[in-house]
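Below you'll find the structure, written out as C-alpha coordinates, and then a few comments.
The values are calculated or read from the model by the stated rules, or taken from the named source; none is laboratory data. Values in this document were obtained by computation on a predicted structure and should not be read as measured data. Using ideal geometry, Cβ is built from the backbone for each residue, glycine included, and neighbour counts are taken over all protein chains shown. Just so you know, the surface numbers come from the protein's heavy atoms only, side chains and all, with ligands and any DNA or RNA stripped out. Shrake-Rupley method; radii C 1.70, N 1.55, O 1.52, S 1.80 Å.
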Amino acid sequence: MALHLILFGPPGAGKGTQAEQIARSRAIPKISTGDILREAVHNRTAIGERAKAIMSQGQLVGDDLMIGIIRERIDQQDARNGFVLDGFPRTVTQAVALDKMMAGRDALVIVEIAVPEAELLRRLSMRMVCDVCGHTAGAGAASGPGGTCELCGGKLVQRSDDHDNVIRERLNVYVRQTQPLIEFYQNRPTFRSVNGSQSPDRVGADLMAAIDSADSGVAKGVRP
Ligand code: AMP
(Lines give C-alpha, C1' and ligand atoms only; values in the text may rest on other atoms or scores of the structure.)
Protein backbone atom coordinates (compact mmCIF):
# COMPACT_ATOMS: atom_id res chain seq x y z
CA MET A 1 0.00 0.00 0.00
CA ALA A 2 1.51 3.30 -1.06
CA LEU A 3 0.84 6.20 1.32
CA HIS A 4 -0.25 9.31 -0.56
CA LEU A 5 -0.64 11.78 2.27
CA ILE A 6 -1.81 15.38 2.22
CA LEU A 7 -0.91 17.19 5.42
CA PHE A 8 -3.43 19.95 5.52
CA GLY A 9 -3.60 22.99 7.79
CA PRO A 10 -2.85 26.70 8.21
CA PRO A 11 0.66 28.21 8.15
CA GLY A 12 2.30 27.44 11.49
CA ALA A 13 0.29 24.27 12.18
CA GLY A 14 3.47 22.17 12.12
CA LYS A 15 2.94 20.52 8.73
CA GLY A 16 6.60 20.76 7.68
CA THR A 17 7.97 19.27 10.90
CA GLN A 18 5.48 16.42 10.92
CA ALA A 19 5.86 15.81 7.18
CA GLU A 20 9.63 15.41 7.62
CA GLN A 21 9.13 12.75 10.29
CA ILE A 22 6.49 10.76 8.45
CA ALA A 23 8.53 10.86 5.23
CA ARG A 24 11.57 9.56 7.10
CA SER A 25 9.69 6.78 8.91
CA ARG A 26 7.92 5.59 5.72
CA ALA A 27 10.93 6.13 3.42
CA ILE A 28 8.92 8.26 1.01
CA PRO A 29 9.65 11.84 -0.14
CA LYS A 30 8.27 14.91 1.57
CA ILE A 31 7.11 17.24 -1.17
CA SER A 32 6.81 20.80 0.09
CA THR A 33 5.73 23.33 -2.51
CA GLY A 34 6.94 26.16 -0.23
CA ASP A 35 10.44 24.59 -0.13
CA ILE A 36 10.43 24.04 -3.90
CA LEU A 37 9.49 27.70 -4.48
CA ARG A 38 12.00 29.05 -1.94
CA GLU A 39 14.75 27.06 -3.64
CA ALA A 40 13.66 28.43 -7.03
CA VAL A 41 13.77 31.98 -5.62
CA HIS A 42 17.20 31.33 -4.12
CA ASN A 43 18.51 29.94 -7.42
CA ARG A 44 16.87 32.76 -9.39
CA THR A 45 15.19 30.38 -11.85
CA ALA A 46 12.36 31.55 -14.10
CA ILE A 47 9.81 30.04 -11.66
CA GLY A 48 11.58 31.72 -8.75
CA GLU A 49 11.43 35.10 -10.48
CA ARG A 50 7.68 34.67 -11.04
CA ALA A 51 6.99 33.53 -7.48
CA LYS A 52 9.20 35.88 -5.47
CA ALA A 53 7.00 38.99 -5.17
CA ILE A 54 3.82 36.94 -4.70
CA MET A 55 5.37 34.96 -1.84
CA SER A 56 6.75 38.02 -0.10
CA GLN A 57 3.22 39.46 0.01
CA GLY A 58 1.77 36.25 1.44
CA GLN A 59 -0.38 35.60 -1.64
CA LEU A 60 -0.73 32.33 -3.54
CA VAL A 61 1.29 31.54 -6.64
CA GLY A 62 -0.89 30.73 -9.69
CA ASP A 63 -2.65 27.36 -9.85
CA ASP A 64 -1.30 26.40 -13.29
CA LEU A 65 2.28 26.85 -12.18
CA MET A 66 1.78 24.92 -8.93
CA ILE A 67 -0.13 22.09 -10.61
CA GLY A 68 2.65 21.74 -13.19
CA ILE A 69 5.30 21.58 -10.45
CA ILE A 70 3.44 18.83 -8.57
CA ARG A 71 2.54 16.83 -11.68
CA GLU A 72 6.20 16.63 -12.60
CA ARG A 73 7.37 15.93 -9.05
CA ILE A 74 5.01 13.06 -8.19
CA ASP A 75 5.89 11.39 -11.49
CA GLN A 76 9.50 10.97 -10.42
CA GLN A 77 10.74 7.52 -9.47
CA ASP A 78 11.13 8.20 -5.73
CA ALA A 79 7.44 9.16 -5.44
CA ARG A 80 6.15 5.95 -7.06
CA ASN A 81 5.77 4.27 -3.64
CA GLY A 82 4.08 7.22 -1.98
CA PHE A 83 4.70 10.79 -0.84
CA VAL A 84 3.80 13.35 1.79
CA LEU A 85 2.47 16.63 0.43
CA ASP A 86 3.12 19.72 2.56
CA GLY A 87 1.53 22.93 1.26
CA PHE A 88 -0.32 21.43 -1.73
CA PRO A 89 -3.17 21.58 -2.62
CA ARG A 90 -4.05 25.08 -1.43
CA THR A 91 -7.06 25.79 -3.64
CA VAL A 92 -10.02 23.74 -4.87
CA THR A 93 -8.63 23.99 -8.42
CA GLN A 94 -5.37 22.40 -7.25
CA ALA A 95 -7.28 19.66 -5.38
CA VAL A 96 -9.36 18.79 -8.45
CA ALA A 97 -6.17 18.60 -10.56
CA LEU A 98 -4.50 16.38 -7.95
CA ASP A 99 -7.44 13.95 -7.99
CA LYS A 100 -6.96 13.60 -11.74
CA MET A 101 -3.22 12.94 -11.31
CA MET A 102 -4.05 10.18 -8.79
CA ALA A 103 -6.05 8.09 -11.24
CA GLY A 104 -4.80 4.50 -10.99
CA ARG A 105 -2.89 5.11 -7.74
CA ASP A 106 -3.89 4.32 -4.12
CA ALA A 107 -6.33 6.84 -2.65
CA LEU A 108 -5.17 10.06 -1.02
CA VAL A 109 -5.12 10.17 2.78
CA ILE A 110 -5.88 13.68 4.02
CA VAL A 111 -5.07 14.73 7.57
CA GLU A 112 -5.92 18.20 8.84
CA ILE A 113 -3.76 19.61 11.65
CA ALA A 114 -6.12 22.00 13.44
CA VAL A 115 -4.69 24.91 15.47
CA PRO A 116 -6.51 28.07 16.73
CA GLU A 117 -5.50 31.36 15.11
CA ALA A 118 -4.03 32.98 18.25
CA GLU A 119 -1.64 30.06 18.65
CA LEU A 120 -0.65 30.27 14.96
CA LEU A 121 0.19 33.97 15.27
CA ARG A 122 2.35 33.26 18.30
CA ARG A 123 4.20 30.38 16.61
CA LEU A 124 4.78 32.10 13.29
CA SER A 125 6.19 35.26 14.85
CA MET A 126 8.71 33.10 16.78
CA ARG A 127 9.53 30.57 14.05
CA MET A 128 13.19 30.21 13.06
CA VAL A 129 14.37 28.34 9.97
CA CYS A 130 17.78 27.29 8.70
CA ASP A 131 19.21 29.64 6.11
CA VAL A 132 20.95 26.72 4.38
CA CYS A 133 18.67 23.63 4.45
CA GLY A 134 15.30 25.23 5.32
CA HIS A 135 14.74 23.00 8.38
CA THR A 136 12.37 24.55 10.95
CA ALA A 137 14.10 24.78 14.33
CA GLY A 138 12.51 23.13 17.36
CA ALA A 139 10.73 25.30 19.94
CA GLY A 140 13.85 25.42 22.14
CA ALA A 141 15.79 27.17 19.38
CA ALA A 142 12.97 29.54 18.49
CA SER A 143 13.78 32.24 21.00
CA GLY A 144 15.69 34.45 18.57
CA PRO A 145 18.19 34.67 15.73
CA GLY A 146 21.82 33.68 16.15
CA GLY A 147 21.32 29.96 16.72
CA THR A 148 22.47 27.18 14.46
CA CYS A 149 20.58 24.41 12.68
CA GLU A 150 20.49 21.08 14.51
CA LEU A 151 20.71 19.22 11.17
CA CYS A 152 23.38 21.02 9.16
CA GLY A 153 24.85 23.72 11.41
CA GLY A 154 23.53 26.52 9.15
CA LYS A 155 22.47 29.91 10.53
CA LEU A 156 18.90 30.20 11.93
CA VAL A 157 16.91 33.13 10.56
CA GLN A 158 13.31 34.32 10.46
CA ARG A 159 11.49 33.51 7.18
CA SER A 160 10.91 36.71 5.20
CA ASP A 161 7.16 35.96 5.09
CA ASP A 162 7.00 35.40 8.86
CA HIS A 163 6.90 39.15 9.59
CA ASP A 164 3.73 40.45 11.28
CA ASN A 165 1.82 42.01 8.38
CA VAL A 166 2.63 39.15 6.00
CA ILE A 167 1.66 36.55 8.63
CA ARG A 168 -1.80 38.11 8.91
CA GLU A 169 -2.22 38.15 5.15
CA ARG A 170 -1.16 34.49 4.87
CA LEU A 171 -3.72 33.53 7.50
CA ASN A 172 -6.41 35.52 5.66
CA VAL A 173 -5.47 33.84 2.39
CA TYR A 174 -5.69 30.48 4.15
CA VAL A 175 -9.22 31.16 5.40
CA ARG A 176 -10.38 32.49 2.03
CA GLN A 177 -8.72 30.10 -0.41
CA THR A 178 -7.51 26.98 1.39
CA GLN A 179 -9.99 26.31 4.20
CA PRO A 180 -12.78 25.54 1.67
CA LEU A 181 -10.78 22.39 0.94
CA ILE A 182 -12.00 20.92 4.24
CA GLU A 183 -15.47 20.82 2.75
CA PHE A 184 -14.01 19.36 -0.45
CA TYR A 185 -12.33 16.47 1.42
CA GLN A 186 -14.24 15.92 4.66
CA ASN A 187 -16.73 13.35 3.41
CA ARG A 188 -14.04 11.02 2.12
CA PRO A 189 -13.41 7.88 4.19
CA THR A 190 -9.70 8.77 4.24
CA PHE A 191 -10.10 12.26 5.79
CA ARG A 192 -8.98 12.74 9.41
CA SER A 193 -8.38 15.72 11.70
CA VAL A 194 -5.92 15.91 14.60
CA ASN A 195 -5.46 18.47 17.37
CA GLY A 196 -2.32 20.46 16.48
CA SER A 197 -2.22 22.47 19.73
CA GLN A 198 -0.34 19.72 21.54
CA SER A 199 3.40 19.02 21.79
CA PRO A 200 5.02 17.99 18.47
CA ASP A 201 5.49 14.42 19.80
CA ARG A 202 1.83 14.13 20.76
CA VAL A 203 0.70 15.55 17.40
CA GLY A 204 3.06 13.07 15.70
CA ALA A 205 1.54 10.12 17.59
CA ASP A 206 -2.02 11.24 16.80
CA LEU A 207 -1.05 11.68 13.15
CA MET A 208 0.37 8.15 12.91
CA ALA A 209 -2.84 6.76 14.42
CA ALA A 210 -4.96 8.86 12.02
CA ILE A 211 -2.92 7.65 9.02
CA ASP A 212 -3.20 4.00 10.11
CA SER A 213 -6.96 4.22 10.54
CA ALA A 214 -7.40 6.01 7.20
CA ASP A 215 -5.06 3.51 5.51
CA SER A 216 -7.15 0.59 6.70
CA GLY A 217 -10.13 2.25 5.02
CA VAL A 218 -8.12 2.32 1.77
CA ALA A 219 -7.00 -1.29 2.26
CA LYS A 220 -10.61 -2.41 2.57
CA GLY A 221 -11.22 -0.87 -0.82
CA VAL A 222 -13.19 2.11 0.42
CA ARG A 223 -12.81 4.75 -2.26
CA PRO A 224 -13.74 8.40 -2.25
P1 AMP B 1 4.67 27.53 2.77
O2 AMP B 1 6.11 27.27 3.03
O3 AMP B 1 3.89 26.26 2.49
O4 AMP B 1 4.02 28.39 3.84
O5 AMP B 1 4.60 28.37 1.41
C6 AMP B 1 5.21 29.65 1.31
C7 AMP B 1 4.58 30.44 0.18
O8 AMP B 1 4.77 29.74 -1.07
C9 AMP B 1 3.08 30.62 0.29
O10 AMP B 1 2.73 31.71 1.14
C11 AMP B 1 2.71 30.86 -1.18
O12 AMP B 1 3.06 32.17 -1.58
C13 AMP B 1 3.62 29.89 -1.90
N14 AMP B 1 2.99 28.56 -2.06
C15 AMP B 1 3.39 27.38 -1.50
N16 AMP B 1 2.60 26.38 -1.88
C17 AMP B 1 1.67 26.91 -2.70
C18 AMP B 1 0.54 26.37 -3.41
N19 AMP B 1 0.22 25.07 -3.33
N20 AMP B 1 -0.21 27.24 -4.15
C21 AMP B 1 0.11 28.53 -4.24
N22 AMP B 1 1.14 29.11 -3.60
C23 AMP B 1 1.93 28.31 -2.82
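A few comments on the model shown:
- Average accessible surface for the chain: 49 Å² per residue, computed with a 1.4 Å probe over protein heavy atoms with every protein chain in place.
- Counted by Cβ distance under 12 Å from ASN43, the other residues give a net charge of +1, where Lys and Arg count +1 and Asp and Glu count -1.
- All-pairs alpha carbon distance profile, the range 16-72, 10 Å steps from 0, percent: 22, 46, 28, 4
- When the Gaussian network model of the chain links Cα atoms closer than 10 Å, the mean-square fluctuations of ASP35, ASP75, ASP63 top out at ASP75.
- The chain: angle of helix 117-126 to the longest principal axis, Cα-based, in degrees nearest 10: 50 degrees
- Span from the the range 173-219 Cα centroid across to the the range 4-23 one, whole angstrom: 10 Å
- Taking only protein heavy atoms and a 1.4 Å probe, the accessible area of the chain is 50% carbon and sulfur.
- Sorting the Cα pairs of the range 1-120 by distance into bins of 5 Å, from 0 upward, gives 2, 11, 21, 23, 22, 14, 6, 1, 0 percent per bin.
- Our estimate of slack between SER213 and ASP63, defined as 0.36 nm per intervening residue step minus the Cα-Cα distance, is 50.9 nm.
- Angle between the chain longest axis and helix 46-56 axis [Cα atoms, degrees, rounded to 10]: 70 degrees
- Of all DSSP beta bridges in the chain, antiparallel share, percent nearest 5: 20 percent
- Cα gyration tensor shape of the range 59-118, rounded if a/c is under 1.5, else prolate or oblate by comparing a/b with b/c: oblate
- Peptide packing for 190-198, 150-158 was compared via the average number of neighbouring C-beta atoms within 10 Å per residue; ordered from the highest value, the list is 190-198, 150-158.
- Principal-axis tilt of helix 164-173 within the chain, Cα atoms, nearest 10 degrees: 20 degrees
- Per-bin percent of Cα-Cα distances, the chain [10 Å]: 8, 33, 40, 17, 2, 0
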